[in-house]
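The structure under discussion appears below in the form of structure tokens.
The values are calculated or read from the model by the stated rules, or taken from the named source; none is laboratory data. Given the structure is predicted, the values throughout are model-derived calculations rather than measurements. Glycine gets a Cβ as well: all are built from the backbone with ideal geometry, and neighbour counts include every protein chain shown. Heavy atoms of the whole protein, side chains included, go into the accessibility calculation; ligands, DNA and RNA do not. Shrake-Rupley method; radii C 1.70, N 1.55, O 1.52, S 1.80 Å.
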Amino acid sequence: EFRRVLFRSLGKQQVAAAIPLFDRLLKDFPKNSKLSAWQVRRGLASYLAGDFAAAGGALEALAPALADPQLAAEAWHWVGASRLQQKQLDQAVAAFEKSRSASGTWRRAAETLSLLAQAQASRGDVRGSEQTLAELKQKFPEHRSAADAELRLAKQAFSAGEFARALEIYDRLLSVATAEIAPHVLYDSAWCLDRKSTRLNSSHLVISYAV
């Protein structure tokens, strides 16, 4: 009954109430076979409560000792997410890479890659971000994160002035975009066409003047 109360309390508005319940589990059942899983969930509860420093610190200390690859991947994922929230980008990238190395098949593996690409892009590693997004698309083509990855690749191409490449990606996206993503794709495509047209017109003027 206690465990049922614990997991029911994990609703969005009740995460803080779950933390002492996890603490009680860890204290009262230190030799339980589920102890490692509870420790990871305790760290997740801190993350969901917005205490990113506590979540990252606890899970970073715990993760190296986890024998289960799925649990290790989960722990490192939430370390990365915590560091990303704190804008500690180097630490976030390192943690997400450790999550990917621990297990590429755990239930949030696609999200790990998506957040890794976000952290890489945020610290200026555009090439690394593009490689990670390509990996995400290849491994999880049906996952929503794959569409998000395509959108991010297009935006990166746009920012780099590669408008033709960005348009190619946007055209691919339109056929699979969700209702949430489609407006962004259409809007950004229009901007690409405008910038591409402007660049072509400018080039034409320069050539005409030179002649």
With DSSP loop assignment and no more than 16 other C-beta atoms within 10 Å, the GluC sites (Glu not before Pro) in the stretch 88-177 are 142, 162
Stretched out fully, how many nm does the piece from residue 162 to residue 17 gain, at 0.36 nm a residue minus the Cα gap? 47.3 nm
Fully extended contour minus Cα-Cα distance, from residue 139 to residue 90, at 0.36 nm per residue: 15.2 nm
Where only protein heavy atoms count, and the probe is 1.4 Å, what is the accessible area per residue for the stretch 9-106 in Å²? 50
Test of understanding: what is the full-extension gain from residue 61 to residue 171, defined as 0.36 nm times their sequence separation minus their Cα-Cα distance? 35.1 nm
Relative contact order (%) - the stretch 25-96, alpha-carbon pairs under 8 angstrom, separation at least six: 26
How much FRET efficiency would the formula 1/(1 + (r/R0)^6) give for residue 28 and residue 70, where r is the Cβ-Cβ distance and R0 is 25 Å, rounded to 0.05? 0.50
Using a probe of 1.4 angstrom, how much of the accessible area of the stretch 94-169 is carbon and sulfur, in percent? 48
